[in-house]
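The values are calculated or read from the model by the stated rules, or taken from the named source; none is laboratory data. Since we're looking at a predicted model, the values are computed, not measured. Glycine also receives a Cβ, built like all others from the backbone with ideal geometry; neighbour counts cover every protein chain displayed. The protein model used for the area step is the full one, side chains on, heavy atoms only, and it has no ligands, DNA or RNA in it. Shrake-Rupley method; radii C 1.70, N 1.55, O 1.52, S 1.80 Å.
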Amino acid sequence: MKRVLRYFNSHLPYIILLVAILSGQVWLELRLPQYTSNIVNVGIQQGGIEMTIPQIIDESKYGMILSMSSDKDRANIAESYEYWSPQNNNLKNKEIKDRNENTNLISKNHYNKNYYVLKNDLKKDKLNKLDKVFSRSLSAFAAYTMNLQGASSSRMLANIDQSKLPDFMKRQIAIKTTESIYKSNGINTDKMQKDYLWKVGALMLLIALSIGILSVTVSYIASRISTKVCTKLRSDSYNKVLRFSDYEMNKFTSASLISRTTNDIQQIQQSSVLALKFVFYGPIMAICAFIQISKLNMSMIWIIILAIFATLVSIAIIMSLALPRFKLIQTMIDKLNLVSIEFITGIEVNRVFNASKHEEERFDLVNSELTAINLFVSKIMSFMMPIMMLIMNGATLLIVWFGAKNIDKGQLFVGDMMAFIQYAMMIIMAFLFISMMSVIVPRAMISANRIGEVLDSPIRIKDEGRIKDFTKSGVVEFENVSFKYDGASYNIIEDISFKTQKGKTTAIIGATGSGKSTIVNLIPRFLESTKGRITLDGVDIKEIPFKVLRDKIALVPQKAVIFSGTIESNIEYGKCAYSRSELKRAAEIAQAMDFVEGKEDGFSSKIEQSGSNLSGGQKQRLAIARAVAKDSEIIIFDDSFSALDATTDRKLRNEIKKNLQDKAIIIVAQRINTIISADEILVLDNGKLVGKGKHSDLLKTCQVYYEIAKSQLTEEELSNVR
Ligand code: ATP
Ligand code: MG
């Protein structure tokens with residue numbers, strides 16, 4: 001996990017940018033409920049009038065209001081207004097008209113009165129203070145005027161002791177009074193209301209648009225980070241697998257390596273996009289929405305806490321059921337890969353053995369197991385949304401229920417209750433996102449651990465050699481070499497000693513399973529000897545860097561490996577810029593020219609995956625041509641002539657002898673004829689070297705060799721030598 005997390009370190013600046021943008025997004029999202037509340041409270045209930053303070057009051061009402069106010073309030077009002085007489089065209093009044101835009105509220109046909117206009121330069125603190133002052137003064141003024149008008153409902157208001165009215169009610173009365181002052185002076189209050197609603201609406205639209213842009217940016221940054229991380233992960237794990245020796249390949253198995261480097265990395269990519277967004281978004285949103293909500297009304301906080309608790313408990317239950325299955329799913333995908341690979345690569349065997357049914361059953365078994373687990377997980381997860389909806393709707397219901405009571409008591413405005421509901425939903429959603437992380441992160445963790453295992457896997461055969469320059473004698477020497485596979489109880493090869501020579505052919509023969517391939521795989525260090533020493537030109541191969549060592553060796557593996565591409569690309573594999581004549585020479589030595597020329601496009605002929613459009617013998621010859629073209633000092637043929645007919649085999653050996661005189665050649669074979677003219681033949685029996693020498697000598701001295709020869713050669717051929 002930590003191993004994979006480190007890949008995100010190099011993207012830290014982008015992650016910081018992402019958090020900054022997310023914070024901005026949350027800040028904007030939290031504005032919206034406040035504006036909704038304003039639309040209801042100010043826009044609708046207060047007719048678009050935000051504060052109790054009238055922008056402009058006609059002289060007579062101003063006087064009455066002052067007379068209804070306490071001394072302190074009177075002083076506050078007086079210092080906040082300036083006298084304006086529209087009809088008096090002197091310099092002072094003109095200057096007020098130009099400077100104080102509040103005078104614009106009065107239309108020309110109301111210029112017959114004098115006014116007091118609110119000063120333009122009042123600070124916010126002062127305005128807030130004034131709002132309270134007018135709450136008192138205007139509600140008293142309202143009670144007085146209504147009493148004068150004699151309306152029965154207003155008499156009720158007049159009879160109420162002003163000092164006992166709750167503040168919020170005084171404020172509402174004051175705002176209504178301000179509205180009536182405006183109306184009496186010909187100010188269009190409907191327009192005022194509409195303007196307010198348009199202003200807030202436009203602002204909300206702008207905020208919503210900005211949120212949209214920010215969230216697209218966040219998605220882009222998150223995708224960019226996770227795509228880059230996963231590209232790096234993929235190439236690093238691929239490079240690591242390239243360095244794996246046979247031990248690690250056996251440990252992981254190729255099916256698992258394929259699903260780790262594809263499916264698991266895909267899993268990490270998908271999860272990290274979501275995680276990058278929600279890991280930061282959830283907590284930021286939860287904290288900020290909580291702060292906002294606590295400003296509105298603390299008495300209903302318990303509803304939110306209850307909803308969060310319910311969310312966490314339900315997700316914990318769901319997760320405890322689903323999580324163990326996630327790990328199982330990855331293992332099942334490994335299994336499915338293994339079965340698919342075996343089935344597809346072995347399709348011919350499968351057909352000839354009429355084993356489709358068996359394969360189908362094997363596939364069905366894994367497939368249905370995987371389906372069952374996936375279905376189970378989906379079923380559990382499908383409960384998530386309904387439960388969340390239930391919790392959210394339940395919370396809304398409780399808020400409306402208790403909110404209504406608060407509104408009734410005058411402790412809450414309708415708009416504020418609406419804002420409360422929105423904030424509550426935001427908090428619950430934030431906790432949902434946080435909990436979603438508890439689904440996504442563990443799942444990604446399982447995949448990250450599986451990738452981490454590959455990346456951290458120690459490589460048994462280390463490339464730590466330092467010696468790069470030495471003579472090119474092509475001498476490989478085995479000095480009492482033994483080798484044991486992991487977990488095996490006995491040595492597969494034991495105490496093997498021999499030496500190859502430049503210009504000489506060393507052959508290895510022995511029954512199947514006697515350890516021939518094991519010996520040749522020790523030379524390029526695919527395997528590491530458990531005892532003894534192997535040297536190249538006198539230098540221990542452990543002291544030679546892989547690149548240098550493997551440059552000196554060309555190997556034709558027992559099972560010819562052919563890549564998709566062309567004949568040309570297969571021969572010049574690993575080294576580009578061969579000349580056509582070099583390619584031709586290699587193909588001629590490998591006896592591949594006849595079939596290359598037989599193809600319509602010659603060297604450019606297309607080769608399908610694994611060389612499926614070639615015969616076994618053609619594949620072998622192509623693999624031989626590749627090794628010859630590499631022009632290394634040592635060429636190893638591991639049973640590479642087995643699919644060739646006797647004539648081609650003979651021709652090939654003649655060509656090798658003629659053209660590769662400066663190479664040390666190692667030929668592993670089952671057929672005596674292939675190695676009959678070798679300079680030295682090693683006879684293996686159950687991993688032990690039981691004979692060493694030329695064909696003629698071995699026939700006399702080595703019983704095992706004699707038995708092999710006897711089974712393959714005619715009496716005449718045998719007696720010729722004897
Ligand atoms: P053949 O002529 O059939 O190619 P060989 O002489 O090349 O046989 P090797 O491939 O060297 O034989 O195998 C020698 C022994 O090592 C065999 O008994 C085989 O079962 C065993 N062996 C090969 N690979 C492994 C492995 N990865 N783990 C354990 N044992 C192995
Ligand atoms: Mg072999």
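Here ASN367 and LEU197 are evaluated by their C-beta separation; at R0 = 45 Å the FRET efficiency comes out at 0.15. With protein chains left intact and a 1.4 Å probe, residues in the chain average 51 Å² of accessible area per residue.
Each 5 Å bin from zero holds the following percent of Cα-Cα pairs in the range 367-482: 2, 8, 9, 10, 9, 8, 7, 6, 6, 5, 5, 5, 4, 3, 3, 3, 2, 2, 2, 1, 0.
Here's the picture: charge each Lys and Arg Cβ at +1 and each Asp and Glu Cβ at -1 in the chain, and of LEU257, ILE344, PHE595 the one pushed furthest to the positive end of that dipole is LEU257. Using R0 = 51 Å, the C-beta based FRET efficiency linking ILE287 and THR145 works out to 0.60.
One chain, two ends: ASN90 and SER180. Fully extended at 0.36 nm per residue, the span grows by 29.4 nm beyond their Cα-Cα distance.
When a 1.4 Å probe is rolled over the protein heavy atoms, the share of accessible surface on the chain that falls to carbon and sulfur comes to 58 percent.
Suppose a student asked you for the relative contact order of the range 589-722, using Cα pairs under 8 Å spaced at least 6 residues apart; what percent would you report? Relative contact order of the range 589-722: 17 percent.
Remark: accessible surface ordering of ASP638, ASP679 (largest first) is ASP679, ASP638, probe radius 1.4 Å. Distance from the alpha carbon centroid of the range 632-665 to that of the range 43-65 works out to 108 angstrom. Where only DSSP H runs of four or more residues are counted, the chain gives -20500 deg cm²/dmol as its mean residue ellipticity at 222 nm, each run worth -39500 (n - 2.57). Relative to the longest principal axis of the Cα atoms of the chain, the long axis of helix 12-38 lies at roughly 30 degrees.
For THR566, the residues 5 or more places off, or on other chains, whose built amide H falls under 5 Å of its own are ILE607.
Relative to the dominant Cα principal axis of the chain, helix 71-80 is inclined by about 70°. Using C-alpha pairs below 8 Å separated by at least 6 residues, the relative contact order for the range 559-631 is 52 percent. With a 1.4 Å probe rolled over the protein heavy atoms of all chains, the accessible area of SER719, SER256 falls in the order SER719, SER256, largest first.
Our estimate of slack between SER604 and ILE317, defined as 0.36 nm per intervening residue step minus the Cα-Cα distance, is 97.1 nm. In angstrom, the C-alpha Rg and Dmax of the chain are 44.9, 146. Between ASP495 and LEU390, the C-beta separation translates, for a Förster distance of 51 Å, into a calculated FRET efficiency of about 0.10.
Beyond 26 Å in Cα-Cα separation lie the following of the pairs LYS228/LYS335; LYS123/LYS176; LYS92/LYS199; LYS335/LYS547; LYS619/LYS710: LYS228/LYS335; LYS92/LYS199; LYS335/LYS547; LYS619/LYS710. In the distance distribution for the range 1-113, Cα-Cα pairs more than 22 Å apart total 64 percent. Solvent-accessible surface (1.4 Å probe) assigned to VAL19 amounts to roughly 40 Å². Extension gain, MET1 to THR227: 0.36 nm times the residue separation minus the Cα-Cα distance gives 79.6 nm.
Here the contact order of the chain, divided by its residue count and restricted to Cα pairs under 8 Å and six or more residues apart, works out to 13 percent. The distance between label points at GLU479 and LYS123 comes to 9.3 nm (points 7 Å beyond Cα on the Cα→Cβ vector). These residues, ARG234, ARG6, ARG466, ARG626, go from largest to smallest accessible area, 1.4 Å probe, as ARG466, ARG6, ARG234, ARG626. For the chain, the longest principal axis of the C-alpha atoms and the axis of helix 59-68 are separated by about 90°.
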